[in-house]
Structures are given as C-alpha cells and as structure tokens.
1. Which of these values of percent of Cα pairs over 26 Å apart was calculated from the structure shown: (1) 63; (2) 43; (3) 47?
2. Relative to the longest principal Cα axis of the chain, at what angle does helix 131-153 sit, 0 to 90 degrees, rounded to 10?
3. Using a 1.4 Å probe, what is the accessible area per residue for the chain, in Å²?
4. When the helices in the chain are scored as -39500 (n - 2.57) per DSSP H run of 4 or longer and the sum is shared across all residues, what 222 nm value do you end up with, to the nearest 500 deg cm²/dmol?
5. Between helix 191-212 and the chain, what is the angle of the helix's C-alpha long axis to the longest principal axis, kept within 0 to 90° and rounded to the nearest 10?
6. How much accessible surface does V156 have with a 1.4 Å probe, in Å² rounded to 10?
7. On the first, second and third principal axes, largest extent first, how far apart are the outermost C-alpha atoms of the range 15-82 in Å?
8. For the pair S203/E164, report the inter-label distance in nm, with labels modelled 7 Å from Cα in the Cβ direction.
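The values are calculated or read from the model by the stated rules, or taken from the named source; none is laboratory data. As the structure is a computational prediction, the values presented were derived from the model and not from experiment. Cβ placement follows ideal geometry from the backbone for every residue including glycine, while neighbour counts extend to all protein chains displayed. Surface accessibility is based on the protein's heavy atoms, side chains included, excluding ligands, DNA and RNA. Shrake-Rupley method; radii C 1.70, N 1.55, O 1.52, S 1.80 Å.
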Amino acid sequence: MKKKENKTSKQTPESYHHGDLRNMVLLRSEAILEEKGVQALSLRDVASDLGVSHSAPYRHFPNKLDLLYALAIRGFSDLRDAMDRAWKENESALLKLNAAGSAYIHLVLLHPRRTELMFGGEVNCGEDPPEELQQVGKEAYMGLYRIVEMGQAGNVFRNDFTAETLAMSVWSSVHGFAVINERYWRLTKTEEEREIIRKQMNSLLEIVVHGIRINP
C-alpha cells in the first residue's frame, strides 16, 4: 500500500515568503554591517546565515551595490520617520528642533556604520542611484527644513540667513557630534558613562538652538 504523503511538513528555508526573505536579508545585512563593516558584507554569507541557497538573495538584490542602496534607503526612512515624529509630537518650533536633533543623534549612535553608508562611501560609487534613495533622502532633510522654516515664520529663529543655511548648520552640528561620539558610546560599559554623553548632547542642542534663535 502506497504511503500517504505528509502535507504538513515543516516549512523549509527556501519557502520564505517573497517579501519575508528580502526583509530577512536586509536585517541580517544591517547587523553584519554594524558588526564588521561594509567590506565584510557578502550576499553569499548572508544566505548561509539565513539557511537559504546562495542564489536566493540575488532575486531581490542582483549585486552588492543594490543591497547597499537598500540599506541606505532603510537608514533615510528611519531618519525621515524620526523627523516626522519630532514634528507631530511637539508644539513649538523650539521643541520640535530639540526633539529632531536628539532623535538624529540617537539614530547615528545606534547605527554608525549605516550612517557612514548613507552619507558617503560605497553608495556614492554608483552612477545612477535609485530614485527611491534620492526621494527618501530629500524627505528626511525636509523634515528638519520645515521645522526651521516654521521657526522663522514665527519670528523664533533668525531671518538674516536662509532656512536652508540654518537647516544645514543644525544638521552639520548634530551629525558631527554623533559621529565623534559614536565610538565612545559603543564602548561604554555603565549607564553613568552613557549619561555623560546624554548631558553633552543636551548641551550641544542648547548651543545649536541658542545660535539660531532671535533674542535667545
């Protein structure tokens, strides 16, 4: 008598849902990026880590540059969403700006290698970056720009400079602080050490806001 097939067999790695595999590849790639850097990132190694065939990730990312673009898009999407929360969850331009700066710094501290990828390095090697990357990068920047624009319209922020100049000044300041301190943050072992960085961050934001306010 022919044995009946077991149709409730356990799902194999190759049966990942189309969208699930893409997300799993991105998550694992992001972890490797932060742990070992961009040079250590390999689609074949990611496939091995996930237990799928070496060819599986290539269905979503034809080459490494496509993967790096996708990681940069994730980074700018997170930044855009953080700027959007700062806008929605605070009333005044001053509070919005402070929240936006704090969120930006924390994102860099949590994802320093991804930040490097977003603002330079490998993704700038491509001649024709994806439209989605350009769009989400613009949206992230505009999240900060509209806060500055609101502050100028309400005579809270200085009007002797353009909104773009003020926005770029703020962006440069918080980005620089985060990049300088990310290694120290990563090496901290106690909550007291991290609190020192938080206090420095608050001081920086106070200085930045002071510098662009009218009659601070």
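1. Here percent of Cα pairs over 26 Å apart agrees with entry (3).
2. For 131-153 against the chain, the angle is about 20 degrees.
3. Details: 12840 Å² over 216 residues.
I get 59 Å² per residue for the chain.
4. Estimated from H runs of four or more residues: -23000 deg cm²/dmol.
5. 50
6. We get 50 Å² for V156.
7. Projected onto its principal axes, the Cα set of the range 15-82 covers 35, 26, 18 Å.
8. The modelled label-to-label distance comes out at 3.4 nm.
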